[in-house]
Amino acid sequence: MEFLVASGIGVLTAAGIYLVLRLRTFPVIVGTALLTYAVNVFLFASGRLTVGAPPILTDAERYADPLPQALVLTAIVISFGMTAVVVVIALGAYLGSDDDHVDEQEGALDTARKLESAE
(Lines give C-alpha, C1' and ligand atoms only; values in the text may rest on other atoms or scores of the structure.)
Protein backbone atom coordinates (compact mmCIF):
# COMPACT_ATOMS: atom_id res chain seq x y z
CA MET A 1 0.00 0.00 0.00
CA GLU A 2 2.77 2.43 0.89
CA PHE A 3 4.63 1.67 -2.33
CA LEU A 4 1.52 2.40 -4.39
CA VAL A 5 0.93 5.73 -2.66
CA ALA A 6 4.61 6.69 -2.91
CA SER A 7 4.59 5.83 -6.62
CA GLY A 8 1.46 7.94 -7.13
CA ILE A 9 3.09 10.87 -5.37
CA GLY A 10 6.18 10.47 -7.54
CA VAL A 11 4.17 10.35 -10.77
CA LEU A 12 2.12 13.40 -9.79
CA THR A 13 5.27 15.31 -8.87
CA ALA A 14 7.10 14.37 -12.07
CA ALA A 15 4.13 15.28 -14.27
CA GLY A 16 3.62 18.53 -12.37
CA ILE A 17 7.25 19.60 -12.73
CA TYR A 18 7.22 18.70 -16.42
CA LEU A 19 4.11 20.81 -17.02
CA VAL A 20 5.37 23.74 -14.95
CA LEU A 21 8.42 23.96 -17.23
CA ARG A 22 6.26 24.39 -20.36
CA LEU A 23 6.03 27.75 -22.15
CA ARG A 24 2.24 28.12 -22.25
CA THR A 25 0.11 29.24 -19.33
CA PHE A 26 -2.48 26.43 -19.32
CA PRO A 27 0.06 23.59 -18.86
CA VAL A 28 1.74 25.64 -16.11
CA ILE A 29 -1.58 25.98 -14.29
CA VAL A 30 -2.31 22.25 -14.65
CA GLY A 31 1.25 21.49 -13.45
CA THR A 32 0.85 23.56 -10.31
CA ALA A 33 -2.47 21.81 -9.65
CA LEU A 34 -0.76 18.41 -10.00
CA LEU A 35 1.98 19.49 -7.62
CA THR A 36 -0.69 20.58 -5.16
CA TYR A 37 -2.36 17.18 -5.43
CA ALA A 38 0.98 15.47 -4.83
CA VAL A 39 1.55 17.52 -1.68
CA ASN A 40 -1.99 16.75 -0.49
CA VAL A 41 -1.50 13.01 -0.94
CA PHE A 42 1.86 13.27 0.82
CA LEU A 43 0.27 15.08 3.77
CA PHE A 44 -2.52 12.54 3.92
CA ALA A 45 -0.07 9.63 3.81
CA SER A 46 1.99 11.18 6.60
CA GLY A 47 -0.81 10.32 9.03
CA ARG A 48 -0.19 6.57 8.67
CA LEU A 49 -2.29 4.77 6.11
CA THR A 50 -4.88 2.75 7.99
CA VAL A 51 -7.91 1.04 6.48
CA GLY A 52 -11.15 0.76 8.43
CA ALA A 53 -9.84 2.54 11.54
CA PRO A 54 -11.79 5.36 13.20
CA PRO A 55 -10.31 8.86 12.82
CA ILE A 56 -10.58 9.62 16.54
CA LEU A 57 -8.28 9.17 19.48
CA THR A 58 -9.88 6.67 21.81
CA ASP A 59 -8.71 3.62 23.62
CA ALA A 60 -8.77 1.74 20.32
CA GLU A 61 -5.65 -0.13 19.31
CA ARG A 62 -5.84 1.18 15.75
CA TYR A 63 -6.89 4.68 14.77
CA ALA A 64 -6.30 7.15 11.96
CA ASP A 65 -4.69 10.46 12.84
CA PRO A 66 -7.25 13.24 12.17
CA LEU A 67 -4.68 16.06 11.86
CA PRO A 68 -3.40 15.19 8.34
CA GLN A 69 -7.01 14.79 7.21
CA ALA A 70 -7.83 18.29 8.44
CA LEU A 71 -4.67 19.69 6.83
CA VAL A 72 -5.51 18.10 3.49
CA LEU A 73 -9.09 19.38 3.60
CA THR A 74 -7.83 22.90 4.25
CA ALA A 75 -5.18 22.58 1.53
CA ILE A 76 -7.78 21.46 -1.02
CA VAL A 77 -9.89 24.55 -0.37
CA ILE A 78 -6.90 26.88 -0.53
CA SER A 79 -5.53 25.29 -3.71
CA PHE A 80 -8.92 25.52 -5.41
CA GLY A 81 -9.10 29.23 -4.62
CA MET A 82 -5.54 29.87 -5.76
CA THR A 83 -6.08 27.93 -8.98
CA ALA A 84 -9.14 30.05 -9.72
CA VAL A 85 -7.14 33.24 -9.12
CA VAL A 86 -4.29 32.07 -11.36
CA VAL A 87 -6.73 31.09 -14.14
CA VAL A 88 -8.30 34.56 -14.03
CA ILE A 89 -4.89 36.25 -14.10
CA ALA A 90 -3.76 34.06 -17.02
CA LEU A 91 -6.99 34.75 -18.88
CA GLY A 92 -6.53 38.48 -18.37
CA ALA A 93 -2.94 38.30 -19.58
CA TYR A 94 -4.01 36.31 -22.64
CA LEU A 95 -6.83 38.70 -23.51
CA GLY A 96 -4.52 41.68 -23.00
CA SER A 97 -1.71 40.48 -25.24
CA ASP A 98 -3.29 37.79 -27.49
CA ASP A 99 -0.48 35.46 -26.44
CA ASP A 100 -0.29 32.84 -23.73
CA HIS A 101 3.46 32.39 -23.47
CA VAL A 102 4.91 32.44 -19.98
CA ASP A 103 8.24 33.99 -20.90
CA GLU A 104 8.56 37.34 -22.58
CA GLN A 105 9.41 36.96 -26.23
CA GLU A 106 11.66 39.27 -28.19
CA GLY A 107 8.92 40.55 -30.50
CA ALA A 108 6.29 40.95 -27.80
CA LEU A 109 7.89 44.04 -26.29
CA ASP A 110 8.33 45.67 -29.71
CA THR A 111 4.70 44.92 -30.61
CA ALA A 112 3.50 46.45 -27.34
CA ARG A 113 5.55 49.61 -27.99
CA LYS A 114 4.16 49.92 -31.52
CA LEU A 115 0.62 49.61 -30.23
CA GLU A 116 1.20 52.29 -27.61
CA SER A 117 2.75 54.69 -30.13
CA ALA A 118 -0.11 54.10 -32.61
CA GLU A 119 -2.67 55.24 -30.04
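Any chance the range 101-119 includes a residue that's small (Gly, Ala, Ser), in a helix (DSSP H, G or I) and at pLDDT 85 or above?
In the first step, residues of the range 101-119 are kept if they are small (Gly, Ala, Ser); the result is 107-108, 112, 117-118.
Going one step further and asking which of them are in a helix (DSSP H, G or I), we end up with 107-108, 112, 117-118.
Now narrow it down to the ones that are at pLDDT 85 or above: none.
No, because not a single residue in the range 101-119 is small (Gly, Ala, Ser), in a helix (DSSP H, G or I) and at pLDDT 85 or above.
Might you let me know whether the range 73-80 holds any residue that is polar (S, T, N, Q), at pLDDT 90 or above and more than 30 Å from residue 96 (Cβ to Cβ)?
Yes, some residue in the range 73-80 is polar (S, T, N, Q), at pLDDT 90 or above and more than 30 Å from residue 96 (Cβ to Cβ).
Filter the range 1-60 down to residues that are surrounded by 14 or more Cβ atoms within 10 Å (Cβ to Cβ) and at pLDDT below 80 and give me whichever is farthest from the chain's Cα centre (by Cα).
53
Please indicate, with yes or no, whether at least one residue in the range 32-55 is more than 29 Å from residue 88 (Cβ to Cβ), assigned to a helix (DSSP H, G or I) and of a type in the set (Phe, Trp, Tyr).
Filtering the range 32-55 down to residues more than 29 Å from residue 88 (Cβ to Cβ) leaves 45-55.
Now drop any that are not assigned to a helix (DSSP H, G or I), which leaves 45.
Those still in the list that are of a type in the set (Phe, Trp, Tyr) too: none.
Among the residues of the range 32-55, not one is more than 29 Å from residue 88 (Cβ to Cβ), assigned to a helix (DSSP H, G or I) and of a type in the set (Phe, Trp, Tyr), which makes the answer no.
List the pairs whose first member sits in the range 8-21 and is without any contact (Cβ under 8 Å) to a residue 24 or more places away in the chain and closer than 9 Å to residue 34 by Cβ, whose second member is assigned to a helix (DSSP H, G or I) and among the β-branched types (Val, Ile, Thr), and whose Cβ atoms are under 6 Å apart, counting only residues at least 6 apart or on separate chains?
Correct list of pairs: 19/30; 20/28.
Output the qualifying pairs, or none if there are none: Cβ atoms under 6 angstrom, residues six or more apart or on different chains, first residue in the range 56-77 and outside any loop (DSSP other than H, G, I, E, B), second residue at pLDDT 70 or above and surrounded by fewer than 15 Cβ atoms within 10 Å (Cβ to Cβ).
Pairs that qualify, where the first residue is outside any loop (DSSP other than H, G, I, E, B) and the partner is at pLDDT 70 or above and surrounded by fewer than 15 Cβ atoms within 10 Å (Cβ to Cβ), are 68/46.
The values are calculated or read from the model by the stated rules, or taken from the named source; none is laboratory data. In this text the structure is predicted, and so the values were computed from the model without any measurement. Note that each Cβ is placed from the backbone with ideal geometry, even for glycine, and that neighbours are counted across all protein chains shown.
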